[in-house]
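As structure tokens, the structure follows; a few thoughts come after it.
The values are calculated or read from the model by the stated rules, or taken from the named source; none is laboratory data. Remember, it's a predicted structure, so these values are computed and weren't measured experimentally. We place every Cβ from the backbone using ideal geometry, glycine too, and count neighbours over all the protein chains shown.
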Amino acid sequence: MVSPIQVVDLRVEKAENSLGLEVIQPAFSWKFQTDSVSRGLHQISYRILVADCPELLEQETANMWNTGLVVSGEHTAVIYQGAPLLAGRRYYWRVQMGDSTGHISEWSSTASWGMGMLNKTDWHADWIGLTESLAIAWTPEGGTPGVGPLPIFRHEFMLDSPVERATAYICGLGQFELRMNGNNVSQHVLEPGWTDYDETSLYCTYDVTDRLTEGQNAIGIMLGNGFYNVKGTRYVKYQGSFGLPKVIMQLEIELVNGQKVRVSSGSDWLIAPGPIVFSCIYGGEDYDARLDLFGWDQPNFIVTDSWTPADLVEPTKGKLRSYPIPPNKVMKTYTVKDIKEPSPGIFVYDLGVNFSGRPSIRVKGVSGATIKLLPGEVLDEQGHVYQEWTGSPNSFSYTLKGEGEESWHPRFSYHGFRYIQVEGAVPFRESDSGLTLPPVMLELFGEMIYPDLKEAGSFECSRADWNGIHAIILQAVLSNIKSVLTDCPHREKLGWLEEHHLMGPSIWYNYDLSALLPKMFMDMHEAQLENGLIPDIAPEYTVFSDGFRDSPEWGSAYVITPWFYYNWYGQDLRILSRHYDSMKRYVNYLASKAPDYIIRHGLGDWGNVWQNTDGKDRTPIGITATATFYYDCIILSHIAHLLGKEQDVLGYRKLAIAVKEAFNREWFNDEQKSYGSGSQTSFAMPLSLGVTTLETTQAALEGLISELKKRGYVITSGEIGHRNVLTALARFNRSDVIQKMLEQTNKPYYRYQVAHGATSLAEYWDGPTIGHSQNHFMMGHIEEWFYSALAGIQIDYDGTREHPITIKPYLAQGIDWVKASHSLPQGSLDVQWCQKPNGWLELTVDIPISAYIVICIPTTDVGSVTESGSQLALVSGIKLINEKDGCVNVRAGSGKYTFRSYVQG
């Protein structure tokens, strides 16, 4: 009999069918799904086949690796042990599993991956690019030297046969668009990912088989500045340059006739000034369609005097590398909801939602007319776009060619906005015809850009306002994920690190970042200084002073987030091993700044609220910094144990004990039974991170609740403290207090933002009413509570819970039902609870294959608990653990379970 289980979601290094992989012993993973009603099914064996052509797999043979039958439940990090993998080669694999009933599954669908350039010698191309002399020559009269048109490149070549397979490897800095035979080769945008270019320059890999043809072919490349070359003249957060735009490309082609052809960038390629006459990652982009050379990226183009041979330029300092990260794409499109004319000839288009991306327009008008687009999140009193809080001036512009309808969008700059102020064009009217002056705006769209991430979860409840909070947090999250986690999509666009660990679980419940995070860990590694310091931002494009460069709550992301990642995404030790020594260097750096085991520097509880003008109720910086330092030591001791470094285990445990003792001496007032200033954060940090003692834990919990109650459950903590307030209360079973906080509408908090029209989460609690950024996700920590407490999906990501996964829902007053799901390494976990009339609760849990989960069934009458109508003792697939904290606790394997219990209101 064939197993009813299907093996699905095959990945190599956490990526699906990726190209450009550089890991010579990659890790395979897969998940499960089934229509079977059987319970407790799990994998007990697997067999993997790897071949360099898919036909072999159809015959159940493999010329690269055949594991044979392996008795193991492992499916999250099976390390390749086959024949050596070669640069540029494509490989294919399948897997089947044996289940706990003794049956073998059908073979999975075939998945694939492609290797990248494994050695420097695999590159047979030269860097070509814009030189200083060309940049000056192209600078328009009266312009800033070197700030002018961006380069375009072209190259033609002949193929004698149809194409069997073609793969392009390209790094265009700062950003690029690759075109072949008149078309863009992909839907990816803002490529490549942002890095410290002195350390790493990422190249991208594309399958371009269907872009080439027998006969004459042409390559076209457009370059943008990105973060590689930030020159200014409009708004910039900083000015700095790694060099002028440049590109390297290698095209490997296999023809049907068996011939192999290589096309490489070099001095035989041509360069010309392109139609993008200004581009800045911060300040916007300008396009002059009159300079658009029709057919420049197609074969048989007639080359004019504007084209010259491309100069060879120096390579980047950084190593060419590839990571299989999800590419940025246009993922959503927003249409105009309203148009107003706040002053004559100026029109403001409202797209209805604040998002991160670019405008896209369709226009008609006379040649030489210019349309200016000003993006903004808010409007001034007269109704014009107001950019004061998000970086001014910022604009996009398009100069018309004057040939009927024209479409355009910026390529190498993006912004966070809801409104677009249009100058130089009038809205379309049905009576418009022909070419007009001013031009006519036929259509305007907003295109939201973020990585093509797999959704990892869903959440919904019976409270519309709580669903609204969930929505604005996700909108801010997606707006601020690119190849780094940005703090905002306009003013800074920098990778501030505290968000990785403070908001990590909130994001991961919703989106799969398993392939993107390792790249971010490498950013942190490359930003580390010789003395061990991890700066507050990575990549560190600009050096900030004081706490803005050295704050433990930010730099500790390099210790905390990989630990969370390990526990969340399948316990692959390689990520911890790879970064362990650098983590040690950072914790040792912190220790060097704390001779008395107390850290007294940093940004503290950023974004917190205090009432007294003298600041006495403000959380001391040492509270957040030292508690984080302690947490680092505990985590590092766990990692050291996993890696078999027992001397380090002892050393960091000893250090943690010393820090804990010093913290309590310094900050706990025994007479007042209070920590620090008595602020919410002062109590929450030691509670949440384990710095309290047996004697102080209850006092801290009571102090936190008392402080919240005294203020009418109005929040005063900032982004560091707020998450710890939530985790502390939830961990000590006081989600009832969190619910009281959530009911706030008159004072700044989540419902306050929703009530005041926020469509994405604002920077500060009162953001929609006082300004600042309207698109930050740094305060979105309630999202973790929605999943882990309200829905009850608790994942032991920090190694402190009794079981790896527990379902323990909080039955909030006034909530009739909750539905949530999350994709575990095994498959989808679905939870739903509903409070029935007369005190009855129905809890449904659907557990994926190979998962074992503890389910805590709330009840005030143990005898009332049933599963699918049967008493628990009579139900197969579950094991009764105990009765504790108002719950009946059971352990269950895969399958769908419906529990019913009585819960007295």
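Anything in segment 236-286 that is basic (Lys, Arg) and assigned to a strand (DSSP E or B)? List them, or say none. Reasoning before the result, please.
As a first pass, look at segment 236-286 and keep what is basic (Lys, Arg): 237, 246, 260, 262.
Passing the criteria: LYS246, LYS260, ARG262.
So how many residues does segment 780-801 have that are surrounded by 22 or more Cβ atoms within 10 Å (Cβ to Cβ), outside any strand (DSSP E or B) and of a type in the set (Val, Ile, Thr)?
Result for segment 780-801: 1.
Going through segment 874-888 one residue at a time, which ones are closer than 27 Å to ILE44 by Cα, touching a strand residue (DSSP E or B) at 6+ places or on another chain (Cβ under 7 Å) and surrounded by fewer than 19 Cβ atoms within 10 Å (Cβ to Cβ)?
The first filter runs over segment 874-888 and keeps only residues closer than 27 Å to ILE44 by Cα, leaving 874-881.
Filter again for touching a strand residue (DSSP E or B) at 6+ places or on another chain (Cβ under 7 Å), leaving 875, 877-881.
Scanning segment 874-888 gives GLY877, LYS879, LEU880, ILE881.
Being surrounded by fewer than 20 Cβ atoms within 10 Å (Cβ to Cβ), at pLDDT below 95, in contact with an Asp or Glu (Cβ under 8 Å, 6 or more places away or on another chain) and farther than 30 Å from GLY172 by Cα, is that true of even one residue in segment 388-395?
Looking through segment 388-395, at least one residue is surrounded by fewer than 20 Cβ atoms within 10 Å (Cβ to Cβ), at pLDDT below 95, in contact with an Asp or Glu (Cβ under 8 Å, 6 or more places away or on another chain) and farther than 30 Å from GLY172 by Cα.
Say we look at segment 1-14 and pick out the residues that are among the hydrophobic types (A, V, I, L, M, F, W, C) and farther than 30 Å from ILE878 by Cβ; which of these is surrounded by the fewest Cβ atoms within 10 Å (Cβ to Cβ)? If you could, list the steps in order and put the result at the bottom.
Step one: of segment 1-14, the residues among the hydrophobic types (A, V, I, L, M, F, W, C) are 1-2, 5, 7-8, 10, 12.
When the remaining residues are screened for being farther than 30 Å from ILE878 by Cβ, the result is 10, 12.
Details: LEU10: 21, VAL12: 24.
This residue is LEU10.
When you check MET503 against the structure, is it among the aliphatic types (A, V, I, L, M) and touching a Ser or Thr at 6+ places or on another chain (Cβ under 8 Å), yes or no?
Details: among the aliphatic types (A, V, I, L, M): yes; touching a Ser or Thr at 6+ places or on another chain (Cβ under 8 Å): no.
No; evaluated as a whole, the condition is false for this residue.
Filter segment 108-151 for residues that are closer than 24 Å to GLY240 by Cβ, in contact with a helix residue (DSSP H, G or I) (Cβ under 7 Å, 6 or more places away or on another chain) and surrounded by 14 or more Cβ atoms within 10 Å (Cβ to Cβ) and give the result.
If we filter segment 108-151 for residues that are closer than 24 Å to GLY240 by Cβ, which is where we start, we get 127-140, 143-151.
With in contact with a helix residue (DSSP H, G or I) (Cβ under 7 Å, 6 or more places away or on another chain) added as a condition, the list becomes 145-146, 148-149.
Answer for segment 108-151, where residues must be closer than 24 Å to GLY240 by Cβ, in contact with a helix residue (DSSP H, G or I) (Cβ under 7 Å, 6 or more places away or on another chain) and surrounded by 14 or more Cβ atoms within 10 Å (Cβ to Cβ): GLY146, GLY148, PRO149.
Could you pull out the residue among PRO848, PRO858, PRO804 that is within 30 Å of the chain's Cα centre (by Cα) and either modelled with pLDDT of 95 or more or crowded, with 18+ Cβ neighbours inside 10 Å (or both)? Break it down stepwise before answering.
Values: PRO858 fails: within 30 Å of the chain's Cα centre (by Cα); PRO804 fails: either modelled with pLDDT of 95 or more or crowded, with 18+ Cβ neighbours inside 10 Å (or both).
Exactly one residue qualifies, and that residue is PRO848.
When segment 459-475 is examined, which residues are found to be closer than 23 Å to GLY357 by Cβ and touching a strand residue (DSSP E or B) at 6+ places or on another chain (Cβ under 6 Å)?
Of all residues in segment 459-475, those closer than 23 Å to GLY357 by Cβ come to 468-475.
The answer is HIS470, and nothing else.
Return the only residue of ALA656, ALA700, ALA640 being crowded, with 22+ Cβ neighbours inside 10 Å and over 21 Å from GLY721 (Cα atoms). Reasoning before the result, please.
Numbers: ALA656 fails: over 21 Å from GLY721 (Cα atoms); ALA700 fails: over 21 Å from GLY721 (Cα atoms).
Of ALA656, ALA700, ALA640, the one residue that is crowded, with 22+ Cβ neighbours inside 10 Å and over 21 Å from GLY721 (Cα atoms) is ALA640.
Within segment 343-351, is there a residue that is polar (S, T, N, Q) and either in contact with a strand residue (DSSP E or B) (Cβ under 8 Å, 6 or more places away or on another chain) or surrounded by 18 or more Cβ atoms within 10 Å (Cβ to Cβ) (or both)?
Filtering segment 343-351 down to residues polar (S, T, N, Q) leaves 343.
Next, only the ones that are either in contact with a strand residue (DSSP E or B) (Cβ under 8 Å, 6 or more places away or on another chain) or surrounded by 18 or more Cβ atoms within 10 Å (Cβ to Cβ) (or both) stay: none.
Checked against the condition, which is being polar (S, T, N, Q) and either in contact with a strand residue (DSSP E or B) (Cβ under 8 Å, 6 or more places away or on another chain) or surrounded by 18 or more Cβ atoms within 10 Å (Cβ to Cβ) (or both), segment 343-351 yields no hits at all.
Does ILE371 meet the test of being under 30 Å from SER828 (Cα atoms), touching a residue at least 60 places away in the same chain (Cβ under 8 Å) and either β-branched (Val, Ile, Thr) or in contact with a Pro (Cβ under 6 Å, 6 or more places away or on another chain) (or both)? Give the steps one after another, and end with the answer.
On the way: under 30 Å from SER828 (Cα atoms): no; touching a residue at least 60 places away in the same chain (Cβ under 8 Å): yes; either β-branched (Val, Ile, Thr) or in contact with a Pro (Cβ under 6 Å, 6 or more places away or on another chain) (or both): yes.
Here the answer is no, as ILE371 does not meet what is asked.
Which residue out of GLU526, GLU553, GLU540 is in the same structural domain as GLU492 (by TED's automatic domain parsing) and assigned to a loop (DSSP other than H, G, I, E, B)?
Numbers: GLU526 fails: assigned to a loop (DSSP other than H, G, I, E, B); GLU553 fails: assigned to a loop (DSSP other than H, G, I, E, B).
The match here is GLU540.
Any residue at all in segment 80-89 that is surrounded by fewer than 19 Cβ atoms within 10 Å (Cβ to Cβ), part of a loop (DSSP other than H, G, I, E, B), in contact with a Leu (Cβ under 7 Å, 6 or more places away or on another chain) and in contact (Cβ under 8 Å) with a residue 12 or more places away in the chain?
yes
Return the only residue of VAL70, VAL78, VAL12, VAL7 being more than 33 Å from the chain's Cα centre (by Cα) and either within 30 Å of GLY895 (Cα to Cα) or not charged (D, E, K, R) (or both). Can you show your working first?
Values: VAL78 fails: more than 33 Å from the chain's Cα centre (by Cα); VAL12 fails: more than 33 Å from the chain's Cα centre (by Cα); VAL7 fails: more than 33 Å from the chain's Cα centre (by Cα).
Selected residue: VAL70, the only one of VAL70, VAL78, VAL12, VAL7 that is more than 33 Å from the chain's Cα centre (by Cα) and either within 30 Å of GLY895 (Cα to Cα) or not charged (D, E, K, R) (or both).
What's the number of the only condition in (1) part of a loop (DSSP other than H, G, I, E, B); (2) crowded, with 19+ Cβ neighbours inside 10 Å; (3) outside the structural domain of LEU576 (by TED's automatic domain parsing); (4) at pLDDT 95 or above that ALA820 fails to meet?
Unmet condition: (1).
Among the candidates THR716, THR759, THR806, single out the residue that is touching a residue at least 24 places away in the same chain (Cβ under 8 Å), out of contact with any His (no Cβ under 8 Å at 6 or more places or on another chain), outside any helix (DSSP H, G or I) and within 30 Å of GLY622 (Cβ to Cβ). Spell out the reasoning first.
On the way: THR759 fails: within 30 Å of GLY622 (Cβ to Cβ); THR806 fails: within 30 Å of GLY622 (Cβ to Cβ).
Unique residue meeting the criteria: THR716.
Considering only segment 60-72, I want to know if a residue exists there that is at pLDDT below 95, surrounded by fewer than 17 Cβ atoms within 10 Å (Cβ to Cβ) and outside the structural domain of LEU573 (by TED's automatic domain parsing).
yes
Checking GLU443 against (1) within 27 Å of GLU492 (Cβ to Cβ); (2) not in a loop (DSSP other than H, G, I, E, B), which test does it fail?
Every listed condition holds for GLU443 apart from (1).
Cβ-Cβ distance below 8 Å, separation of 6 or more or different chains: which pairs start in segment 730-750 with a residue that is of a type in the set (Gly, Ala, Ser) and end on one that is assigned to a helix (DSSP H, G or I)?
ALA730/ILE738; ALA730/TRP785; ALA730/SER788; ALA730/ALA789; SER735/LEU729; SER735/TRP785; SER735/ALA789; SER735/LEU790
Against the condition surrounded by fewer than 24 Cβ atoms within 10 Å (Cβ to Cβ) and over 19 Å from the mean Cα position of the chain (by Cα), how does SER577 come out, does it pass?
Values: surrounded by fewer than 24 Cβ atoms within 10 Å (Cβ to Cβ): yes; over 19 Å from the mean Cα position of the chain (by Cα): yes.
Criteria met by SER577.
Pick from segment 15-57 the residues that are farther than 17 Å from TYR91 by Cβ, surrounded by fewer than 17 Cβ atoms within 10 Å (Cβ to Cβ) and among the charged types (D, E, K, R): which of them is farthest from the chain's Cα centre (by Cα)?
Filtering segment 15-57 for residues that are farther than 17 Å from TYR91 by Cβ, surrounded by fewer than 17 Cβ atoms within 10 Å (Cβ to Cβ) and among the charged types (D, E, K, R), the one farthest from the chain's Cα centre (by Cα) comes out as ARG39.
Count, please, the residues in segment 697-712 that happen to be closer than 28 Å to ILE807 by Cβ and either modelled with pLDDT under 95 or of a type in the set (A, V, I, L, M) (or both).
5
Which one is farthest from LYS231 (Cα to Cα) among residues in segment 128-182 that are without any contact (Cβ under 8 Å) to a residue 60 or more places away in the chain and not in a loop (DSSP other than H, G, I, E, B)? Even if it seems obvious, please write down each step before you answer.
The initial filter retains those residues of segment 128-182 that are without any contact (Cβ under 8 Å) to a residue 60 or more places away in the chain, namely 133, 136-137, 139, 141-143, 145, 158.
Checking which are not in a loop (DSSP other than H, G, I, E, B) leaves us with 133, 136-137, 158.
Details: SER133: 16, ILE136: 14, ALA137: 17, MET158: 39 Å.
If we take residues in segment 128-182 being without any contact (Cβ under 8 Å) to a residue 60 or more places away in the chain and not in a loop (DSSP other than H, G, I, E, B), then MET158 is farthest from LYS231 (Cα to Cα).
Going by the conditions given, is SER677 assigned to a loop (DSSP other than H, G, I, E, B) and either without any contact (Cβ under 8 Å) to a residue 24 or more places away in the chain or of a type in the set (Gly, Ala, Ser) (or both)? First the steps, then the outcome.
On the way: assigned to a loop (DSSP other than H, G, I, E, B): yes; either without any contact (Cβ under 8 Å) to a residue 24 or more places away in the chain or of a type in the set (Gly, Ala, Ser) (or both): yes.
Here the answer is yes, as SER677 does meet what is asked.
TYR597 - would you say it is of a type in the set (Ser, Thr, Tyr), in contact (Cβ under 8 Å) with a residue 12 or more places away in the chain, assigned by TED's automatic domain parsing to the domain that holds VAL725 and farther than 26 Å from TYR764 by Cα? Reasoning before the result, please.
Values: of a type in the set (Ser, Thr, Tyr): yes; in contact (Cβ under 8 Å) with a residue 12 or more places away in the chain: yes; assigned by TED's automatic domain parsing to the domain that holds VAL725: yes; farther than 26 Å from TYR764 by Cα: yes.
Against the criterion (of a type in the set (Ser, Thr, Tyr), in contact (Cβ under 8 Å) with a residue 12 or more places away in the chain, assigned by TED's automatic domain parsing to the domain that holds VAL725 and farther than 26 Å from TYR764 by Cα), TYR597 qualifies.
Hey, any hits in segment 432-451 for a residue that's charged (D, E, K, R), modelled with pLDDT of 95 or more, surrounded by fewer than 23 Cβ atoms within 10 Å (Cβ to Cβ) and in the same structural domain as ILE720 (by TED's automatic domain parsing)?
Looking through segment 432-451, none of the residues is charged (D, E, K, R), modelled with pLDDT of 95 or more, surrounded by fewer than 23 Cβ atoms within 10 Å (Cβ to Cβ) and in the same structural domain as ILE720 (by TED's automatic domain parsing).
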